[in-house]
Amino acid sequence: MLVKFSFSLLFLTLNSSLALGQAEPTSRAWNKSVPPFRIVGNLYYVGATEVCSFLITTSQGHILLDGGFVETAPQIEQNIATLGFKLEDVRILLNSHAHLDHAGGLAELKRKTGAKFIAAAGDAELLKKGGHGDFRFGDTLSFPPVDVDQTIGDGESIELGGQKLTAHLTPGHTKGNTTWTTRISDGARPYDVVFAGSPTALDYQFVPKESYPGIAADFERTFAVLKNLPCDIFLSDHGSFFSFLEKRERLGRGENPNPFIDPDGYKKFVTHYEEEFHDKLELQKKAAASATLTPE
Ligand SMILES: [Zn+2]
């Protein structure tokens, strides 16, 4: 089984008990500390067990993708220092999407690094409002608001110290959900790296009324985009999407080739969530049709 548990349910549990913050068991379980390590080349893992955060280092400063929960930020700071890098050398801050488990720590990380925060236009408002007014969660998944210094469009890239990262808009999970790609060199060999944005459809509505206008078409487009990305190293914003803990252990044992090189795992992941989305869509269509047929 690709995923060990239902993310939709976990996410909703998280939502319903959010007021309890980190005392809430799901978020605590997702936020256990992990010793930071090098994934490949100049790409490092600096996140927690389930909420991921990645550091790409260059001679001109570093790029940090995702900030975890509010409570993850101090772990990320410590992890960067443990690896021997300076927090203030982080020049660019990026985000997969504007939910509290990936954007919660961004405000603190931006303040401490002084980095430029670049995000997709579709999520910029939600990031600036700290998650208030989310199309599904309203004001219940709030996090510290974070200023967006620059928005980025589909297929556009950022570059720092010769390292290029490209944004692929993969909306649906949020309106600005972003999949970042880059190429990392390790010795002679370059690897295509995909940081897949969450493709989960949670309990969103597609028929008869969409959670937001165009959400079903957004998901369809997202899966078409994800399927076409070249991928050697498969990473994502949630650890369980790419069997993070298992691969980390295998890498720690010195497994060769590097277990994070997983093009097949990436394909299975995309197929799994595309099927899940279509299943939800079909169920909703059937329910809508039977509701219309029910006699008065
Ligand atoms: Zn999310």
*Could you list, in sequence order, the residues of the stretch 237-250 that are surrounded by fewer than 15 Cβ atoms within 10 Å (Cβ to Cβ) and of a type in the set (Asp, Glu)?*
Glu246, Glu249
*Working carefully through the options Ala107, Ala81, find the one that is away from the ligand (no atom under 15 Å from the Cβ), aliphatic (A, V, I, L, M), over 26 Å from Lys280 (Cβ atoms) and loosely packed, with under 15 Cβ neighbours inside 10 Å.*
Ala81
*One residue from Glu282, Glu275 being out of contact with any helix residue (DSSP H, G or I) (no Cβ under 8 Å at 6 or more places or on another chain) and either within 21 Å of Ser236 (Cα to Cα) or in a loop (DSSP other than H, G, I, E, B) (or both)*: Glu275
*Go through (1) within 16 Å of the ligand (Cβ to nearest atom); (2) surrounded by 16 or more Cβ atoms within 10 Å (Cβ to Cβ); (3) of a type in the set (Gly, Ala, Ser) and name the single condition Gly133 misses.*
(2)
_Restricting to the stretch 165-202, give me the number of residues that are of a type in the set (Phe, Trp, Tyr) and either under 21 Å from Leu93 (Cα atoms) or within 16 Å of the ligand (Cβ to nearest atom) (or both)._
2
_I want to confirm something. Restricting to the stretch 57-68 and keeping residues that are more than 12 Å from the chain's Cα centre (by Cα) and either surrounded by 24 or more Cβ atoms within 10 Å (Cβ to Cβ) or modelled with pLDDT under 95 (or both), which single residue is nearest to the ligand (Cβ to nearest atom)?_
Leu64
*Test Val207 against the stated conditions and say whether it is within 27 Å of Val70 (Cβ to Cβ), modelled with pLDDT of 95 or more and more than 16 Å from the ligand (Cβ to nearest atom).*
no
*Residues that are within 17 Å of Leu55 (Cα to Cα) and out of contact with any Cys (no Cβ under 7 Å at 6 or more places or on another chain): which strands (runs of 3 or more DSSP E) entirely in the stretch 69-175 hold 2 or more of them?*
90-94, 116-120, 157-160, 163-169
_Some residue of the stretch 216-225 being more than 16 Å from the ligand (Cβ to nearest atom), within 28 Å of Gly133 (Cα to Cα), out of contact with any helix residue (DSSP H, G or I) (no Cβ under 7 Å at 6 or more places or on another chain) and not aliphatic (A, V, I, L, M)_ = yes
_Can you tell me which residue is surrounded by the most Cβ atoms within 10 Å (Cβ to Cβ) among those in the stretch 198-236 that are free of Cβ contacts under 8 Å to residues at least 60 places away in the same chain and in a loop (DSSP other than H, G, I, E, B)?_
Cys231
*asked:* Quick check on the stretch 140-159. Is at least one of its residues over 18 Å from the mean Cα position of the chain (by Cα), within 16 Å of the ligand (Cβ to nearest atom) and β-branched (Val, Ile, Thr)?
replied: yes
*Tell me, yes or no, whether the stretch 207-218 has at least one residue that is closer than 30 Å to Ser185 by Cβ and not aromatic (Phe, Trp, Tyr).*
no
*Among the residues of the stretch 154-182, write down those that are without any contact (Cβ under 8 Å) to a residue 40 or more places away in the chain and under 18 Å from Ala217 (Cα atoms).*
Asp154
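The values are calculated or read from the model by the stated rules, or taken from the named source; none is laboratory data. All values derive from a computational prediction rather than experimental measurement. Neighbour counts run over all protein chains shown; Cβ positions are idealised from the backbone, glycine included.
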